[in-house]
Amino acid sequence: MKINAIKKNRLLFTTVLLIVILILAGFIYANRSLLQVGSLNGGQQTVFNFESGQQFQFEKSKDNILVVNNEGITCVNQSGNHLWNIINHMSMPSIQTNGNYTLLFDRGSKTLATYNGSSKMAEITTDEKIITAKINSAGYIALVTNEVGYKAKIEVYDQRGQVVYKWQLGESHPVDVDISPDCKQLVAATLCTSSGKITGNITFVDIDKEKIINETKRENSILISVKYNQNGSLNALGESELLGFNQKGENKWNVNYEGRTLQSYHLENDSNIVLALIGSRNNTVLNIYDHNGKKRGEYISDFQIKSLDVNDGTIAVSQQREIKLLNFKGKVKSQKTVQKDIQNIILLPQDKVAVIGGNTVNIIKP
């Protein structure tokens, strides 16, 4: 009897162990792209692998890379180590980072969450669908949603997700918003169409006093983005011009693209603005301006620039399979050719570049 009992216990133990192994194997296979460890490949550090057809976004968060898909966020360092994960199931995720802060929402949904690293700061549920949102360097949130009876509604939330300001727009459509670093001002770029004309409006609002302090109207100007600088000044980007404003919301300078088409841009650097304009021979002309609207440099590429990024005093550009690092005068500092098609690049500290292409993310130093 004892022998039979021992055999039964062994059989039960073996069965349970087999089930556990199968469950673990299934979990590892299902999450294989998120469990990869960095490896060296031809002198390049591979920090992330993914299968063809999988939809990922990649963003910079200080020294690290955020990998975003419809299951959430994974933070990967430059050695390929996975620092943390955030589980948040979405169909069309949209992410924005500012320093250590991350804002995440599902396009067309009614929920938004913000994080400091992997720690959730706030979760907001709206009455209507989200159009766009932005987080500033202090963790305040500007949120634009649809609104019944209006074109849209703009709300400002503090770090805890409490509403501190609300504005219902009745005549114009919001394009972009931002909050000043001291959290005292809101700026909104909007478009108004009437009598066949398009007018771009840039409106500055005092959040505490709940009143408009300044407004600039640009006829036949389609605005794209607005971005506060750390000193409280602001840059506004349009399809045909770049505008600069002081802390009072006064327009101090304009740069016209002179008929050239804007290809891409970078407004996030606190000392310089980089514009990529389509050249005359299927190439790209890179113009660099300071925050007074003065042109600092220019770089003319041989081929069209596919992607660009800026970090500290360096600009990184990719064209075909080549990556170049430039200074703010447009002079080439270094360059390197990679053995794969480049989808995107992220410029990290110490002039390291995360190269996204094929089914890997590699770290190189041109």
Q: Name the single residue, out of those in segment 80-101 being under 16 Å from Ile141 (Cα atoms) and among the small types (Gly, Ala, Ser), that is nearest to the chain's Cα centre (by Cα).
A: Ser94
Q: Return the residue satisfying two criteria in turn: it lies in segment 118-135 and is closer than 18 Å to Lys166 by Cβ and among the hydrophobic types (A, V, I, L, M, F, W, C), and of such residues it is surrounded by the most Cβ atoms within 10 Å (Cβ to Cβ).
A: Ile135
Q. Of the residues Asn146, Asn214, which is surrounded by fewer than 20 Cβ atoms within 10 Å (Cβ to Cβ) and either acidic (Asp, Glu) or touching a Gly at 6+ places or on another chain (Cβ under 9 Å) (or both)?
A. Asn214
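Here's the yes/no breakdown for (1) assigned to a loop (DSSP other than H, G, I, E, B); (2) closer than 14 Å to Thr102 by Cα:
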| site | (1), (2) |
| --- | --- |
| Lys134 | no, yes |
| Glu147 | yes, no |
| Val156 | no, no |
| Glu171 | yes, no |
| Asp176 | no, no |
**Q.** Residue within segment 220-238 that is assigned to a strand (DSSP E or B) and free of Cβ contacts under 8 Å to residues at least 24 places away in the same chain present
**A.** no
Q | Only one of Leu275, Leu325 that is at pLDDT 95 or above, touching an Asp or Glu at 6+ places or on another chain (Cβ under 9 Å) and crowded, with 17+ Cβ neighbours inside 10 Å | A | Leu325
Q) Looking at (1) assigned to a loop (DSSP other than H, G, I, E, B); (2) free of Cβ contacts under 8 Å to residues at least 60 places away in the same chain, which is the one condition that is false for Glu215? A) (1)
Q. Taking segment 299-356 only, how many residues are over 20 Å from the mean Cα position of the chain (by Cα) and outside any strand (DSSP E or B)?
A. 16
Q. What number of residues within segment 136-186 satisfy the criterion of being under 23 Å from Asn229 (Cα atoms) and either aliphatic (A, V, I, L, M) or in contact with a His (Cβ under 7 Å, 6 or more places away or on another chain) (or both)?
A. 12
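Yes/no matrix, rows are residues, columns are (1) under 21 Å from the mean Cα position of the chain (by Cα); (2) among the β-branched types (Val, Ile, Thr):
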position	(1), (2)
Ile212	no, yes
Lys217	no, no
Tyr228	yes, no
Leu242	yes, no
Asn256	no, no
Val274	yes, yes
Q) Filter segment 102-117 for residues that are surrounded by fewer than 20 Cβ atoms within 10 Å (Cβ to Cβ) and under 17 Å from the mean Cα position of the chain (by Cα); which is modelled with the lowest pLDDT? A) Arg107
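The values are calculated or read from the model by the stated rules, or taken from the named source; none is laboratory data. Quick caveat: nothing in here was measured; it's all calculated off a predicted structure. Don't worry about glycine lacking a Cβ; one is built from the backbone with ideal geometry, like all the others, and counts go over all protein chains shown.
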